[in-house]
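Scroll down for the structure; my scribbles are underneath it.
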Amino acid sequence: MVKRENEGAETPGAVFGELLRIKRSDAGFTQDDLAELIHAERSLITKFESGKRVPRKEMVEKFDDFLSGRGELVRLHQRIKWTTRLSFFPDWFRRRAAMDARLIELHQYQTQLIPGLLQTEAYARALFERYSEGDEQAAEDNLEGRMGRQSRFLELDGPLYVVLLDESCLMHVIGSNEVMRESMDHLLAAGSLPNVHIQIVPFTLHHVHEPNTPMSLIVMPNGDRWVYSESLDMGHFSNDPKVLTKHQRDYDRLRADALSARDSAALIREARERYSTHD
């Protein structure tokens, strides 16, 4: 079992959670009231207030407005340098998670599943519950780690994030139609950010050689470049110039033939409509 640092009252999460609890109590609302606001279970609010989970920025904005705040929650959330504890990740993935916290560019190709950095909480939860073999704590830890990784990529000043999604990512149902519909909305919202570019590689693109496996091309602040891929429970890194050149060339060719961002958004909307008509 992974050993974790102590969760004292001094942690940023605990400080933020205490302010949230005080604001909620002063406004005369219950945890159930806040849970209903974000369509979640009361247990999630409990975790927010105890510092065990960190709400995303859009949730904090809803809380502040609902509690008739004056922006205190939003300002504190912005000032705290949230860092996802590496103990939430399996040993083989920690190096990649640490790089995600520092990289300045990420170019990714993904098949079958929406990438972790673009998954909704409901989508990720459905995935982790499927593979956790009944270990609820492991599923929760994996979920928290994944949601934490996303935050810097979904900010207006986040690192450049270019994603090539095979059309299968839109078709492979995870959870339910409702989960998928929410996921399509999330992709559209993320794709509207200035630092995020989402392009779909459609099934009709037969003449282009696609990579054999999902991969990421990573640029670090010092200019170092890496290519990353995964096999079963193992991450693979390479900074060999020949390997980098080959994968960059393949990626650039695929991106050139993929749908434009505008046409990709239209295809995502079509997928959303299909999930809306099959409830």
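None of the figures in this text is laboratory data; all of them are computed from the coordinates on show. Just so we're clear, the structure is a prediction, and the values are computed from it rather than from any experiment. Every residue, glycine among them, receives a Cβ derived from its backbone with ideal geometry; neighbour counts consider all protein chains shown.
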Next on the checklist: Could you tell me which residue out of Leu259, Leu156, Thr120 lies farthest along the dipole of the chain toward its positive end? Charges go on the beta carbon: Lys and Arg +1, Asp and Glu -1, centred on the Cα centre.
Outcome noted: Leu156
Checklist entry - Given charges of +1 on the Cβ of Lys and Arg and -1 on the Cβ of Asp and Glu, with all other atoms neutral, how large is the dipole of the chain about its Cα centre, in debye to the nearest 20? => result 840 debye
Item to check | Lys, Arg +1 and Asp, Glu -1 on Cβ, resulting dipole of region 198-279 about Cα centre, debye, nearest 20 | outcome: 260 debye
Item to check | Cβ charges +1 (Lys, Arg) and -1 (Asp, Glu), total dipole of region 129-254, debye | outcome: 760 debye
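What does the C-alpha gyration tensor say about the overall shape of region 117-208? Classify as rounded when a/c is under 1.5, otherwise prolate if a/b is larger than b/c, or oblate. Please list the in-between numbers first.
On the way: a/c = 2.13, a/b = 1.28, b/c = 1.67.
In terms of gyration-tensor shape, oblate.
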Item to check | ³J(HN,Hα) computed for each position of region 54-67 - Karplus, 6.51 cos²θ - 1.76 cosθ + 1.60, integer Hz, glycine/proline x | outcome: 10, x, 6, 4, 5, 5, 4, 5, 5, 4, 4, 5, 5, 8
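What shape does region 191-235 take by its C-alpha gyration tensor, where a ≥ b ≥ c are the square roots of the eigenvalues and a/c under 1.5 counts as rounded, a/b above b/c as prolate, and the rest as oblate? Numbers along the way, then the final one.
Working: a/c = 2.10, a/b = 1.17, b/c = 1.79.
Verdict is oblate for region 191-235.
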Checklist entry - What's the local net charge at Ala266, with K and R +1, D and E -1, over the other residues with C-beta under 12 Å away? => result 0
Checklist outcome for this item: For region 111-197, listing GluC sites (Glu not before Pro) in a DSSP loop whose Cβ sees at most 15 other Cβ atoms within 10 Å gives Glu133, Glu155
Next on the checklist: Spelling out what I want: for every residue of region 146-158, take phi, set θ = phi - 60°, compute 6.51 cos²θ - 1.76 cosθ + 1.60 (Karplus), and round to whole Hz; glycine and proline get x.
Outcome noted: 5, 5, x, 4, 6, 3, 6, 7, 9, 9, 4, 9, x
Item to check | Sequence-distant aspartates and glutamates (8 or more away, or on other chains) whose Cα lies within less than 18 Å of Lys23 | outcome: Asp32, Asp33, Glu36, Glu49, Glu58, Glu61, Asp64, Asp65, Glu72
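Rounded, prolate or oblate: which fits region 57-188 when a ≥ b ≥ c are the square roots of the eigenvalues of the alpha-carbon gyration tensor, with rounded for a/c under 1.5 and prolate only if a/b beats b/c? All intermediate terms of the calculation are to be shown ahead of the outcome.
Numbers: a/c = 1.39, a/b = 1.30, b/c = 1.06.
Here region 57-188 falls in the rounded category.
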Next on the checklist: If you take every DSSP beta bridge fully contained in the chain, what fraction is antiparallel? Give it as a percent rounded to 5.
Outcome noted: 55 percent
Checklist entry - To the nearest 10 degrees, how steep is helix 261-276 against the longest Cα principal axis of the chain, on a 0 to 90 scale? => result 60 degrees
Next on the checklist: Would you calculate the convex hull of the Cα atoms in region 15-117 and tell me its volume per residue in Å³?
Outcome noted: 136 Å³
Item to check | Under-5 Å amide H pairs with Ile200, H placed in peptide plane, nonlocal only | outcome: Leu165, Leu259, Ser264
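Please find the FRET efficiency linking Arg274 to Arg79, where r is the Cβ-Cβ separation and R0 is fixed at 35 Å, and quote it to the nearest 0.05. Provide the component values of the computation, followed by the final result.
Values: r = 42 Å, r/R0 = 1.20.
With a Förster radius of 35 Å, E is 0.25.
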